[in-house]
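Each remark here refers to the structure printed beneath this line.
The values are calculated or read from the model by the stated rules, or taken from the named source; none is laboratory data. From a predicted model like this one, the values you see are computed outputs, not experimental measurements. We place every Cβ from the backbone using ideal geometry, glycine too, and count neighbours over all the protein chains shown.
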Amino acid sequence: MKSLGNIRREFAPWNNPDAKPYIQFKNVTKQFGDFTAVNNLSLSIYEREFFALLGASGCGKSTLLRMLAGFEEPTSGQILLDGQDLRGIPPYRRPVNMMFQSYALFPHMTVEQNIAFGLKQDGMAKADIEKRVAEMLKLVKLSQFAKRKPHQLSGGQRQRVALARAVAKRPKVLLLDEPLGALDKKLREETQFELMDLQQTLGLTFVVVTHDQEEAMTMADRIAIIDKGEVMQVATPAEVYEAPGSRFVADFVGNINTFEGKVADRNGAGATISSADLLIRTSNAGEIPVGTEVAFAIRPEKIKVSSKRPETGDNVMEGEVYDIAYLGDMTIFHVKLGDGQVVKASSLNATRATDDPLSWDDKAWISFRQDAGVVLTR
């Protein structure tokens, strides 16, 4: 599948069998008493990659980050960085730096003093510190705020100070734990692009933990979906969204409609799926044999909704408008089918008026192409 989004077309070391991972989790397990936070997890991250660990609260993603940083040790397994086993190496000896959600800025220090703190701890010469701090201030566009203290800054500016302090020591890997969680939606979206530009400029490996799907989809080269301490899928944003590997991933990332059924017939790479009183024809059935229990999953934007039955098309279903949500750029329709299943369909509001208005309780027809969905076996 061709990658979409911010993925750099020429940057895909995970597709090169000769490329060596920069960070490796090898059969890593982490237990806290009787609770298993990370369960026999293996994962590879490549140098200069912007990698996202995505999952719900409590899934183990922050524990992975803390083990990489050195704040926790694995119960079993190995964590390698550039071929070196990190077990027993304290956080301050690791070539990584971590930026926390709280930012953890020193309130009594100015912006430039906060950025310089780690450099002073490392014994860098004063002239070199001044040069590096000036460079960092320029990088995060805060040169005019150098003498201010954290309480005199906005949330977005504090976030950038924390970022500048984290990268000032030139770590090989920057770890970001929910870095944008404290920002409002609009500022968060702006900062996502700033982080992407910064990562490209510095050429560092970024590993970010987030529960925000849009954040991961926007920034990351690849995403690891984590659930209950296990990796459910690792792929580019486009692959995770368009070709989820399981019902869990399909349901977790974005909105999805799922039709449970059975493969009733095969025709080359295509198949007919019997679901309740419906027959769904798909061209994306792979090699799944007849009789297999499957789920046909399709995104709302792949479904067309209209007040009249389409003249052509294989997958046409009649229903009734159950709910409508107007979001400005698009409208979401909930259409209840004859068997009671409610299907979500989204329609882009490309014009200020529509030639086919639909309202609550109206009869409606939904339809979709044979290649619009994906067939899942697990």
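Of note:
- Of all residues making up segment 215-237, the number that are part of a helix (DSSP H, G or I) and in contact with a Lys or Arg (Cβ under 9 Å, 6 or more places away or on another chain): 2
- Pick from segment 72-112, criterion of a type in the set (A, V, I, L, M) and more than 24 Å from Gly155 (Cα to Cα), ranking: farthest from the chain's Cα centre (by Cα): Ile89
- Tyr92 meets the stated requirement of being within 25 Å of Met136 (Cβ to Cβ) and at pLDDT below 90.
- Restricting attention to segment 297-323 and to residues that are part of a strand (DSSP E or B) and not aliphatic (A, V, I, L, M), the residue that is nearest to the chain's Cα centre (by Cα) turns out to be Lys304.
- If you check Gly83, Gly55, Gly60 for being farther than 16 Å from Met232 by Cβ and assigned by TED's automatic domain parsing to the domain that holds Lys20, only one passes: Gly83.
- Inclusion of Phe145 among residues that are among the aromatic types (Phe, Trp, Tyr) and at pLDDT below 90 is not warranted.
- Val240, sole failed condition from (1) in a helix (DSSP H, G or I); (2) aliphatic (A, V, I, L, M); (3) touching a residue at least 24 places away in the same chain (Cβ under 8 Å): (3)
- Take the conditions (1) within 22 Å of Pro95 (Cβ to Cβ); (2) crowded, with 20+ Cβ neighbours inside 10 Å; (3) at pLDDT below 90; (4) not charged (D, E, K, R); Gln192 misses just one of them, which is (1).
- The set of residues from segment 177-189 being surrounded by fewer than 24 Cβ atoms within 10 Å (Cβ to Cβ) and either modelled with pLDDT of 75 or more or not in a loop (DSSP other than H, G, I, E, B) (or both) comprises Asp177, Glu178, Lys185, Lys186, Leu187, Arg188, Glu189.
- Scanning segment 348-369 for residues that are within 19 Å of Glu311 (Cα to Cα) and either surrounded by 17 or more Cβ atoms within 10 Å (Cβ to Cβ) or of a type in the set (Val, Ile, Thr) (or both) yields a count of 6.
- Odd one out for Tyr322 among (1) surrounded by 14 or more Cβ atoms within 10 Å (Cβ to Cβ); (2) under 30 Å from Met232 (Cα atoms); (3) not aliphatic (A, V, I, L, M): (2)
- Condition check for Arg165 on (1) of a type outside the set (A, V, I, L, M); (2) surrounded by 20 or more Cβ atoms within 10 Å (Cβ to Cβ); (3) within 21 Å of the chain's Cα centre (by Cα): one failure, at (3).
- Candidates Phe117, Phe51, filtered to the one that is of a type in the set (Phe, Trp, Tyr), outside any loop (DSSP other than H, G, I, E, B) and over 18 Å from Lys169 (Cβ atoms): Phe51
- Residue in segment 79-98 that is crowded, with 17+ Cβ neighbours inside 10 Å and of a type in the set (Gly, Ala, Ser) present: no
- Residue list for segment 54-83, restricted to those being among the hydroxyl-bearing types (Ser, Thr, Tyr) and in a strand (DSSP E or B): Ser76
- Residue that is hydroxyl-bearing (Ser, Thr, Tyr), in the same structural domain as Arg352 (by TED's automatic domain parsing) and exposed (fewer than 15 other Cβ atoms within 10 Å of the Cβ), where the choices are Thr312, Thr331: Thr312
- For segment 266-309, the set of residues classified as within 14 Å of Gln341 (Cβ to Cβ), surrounded by fewer than 16 Cβ atoms within 10 Å (Cβ to Cβ) and of a type in the set (A, V, I, L, M, F, W, C) consists of Ala276 only.
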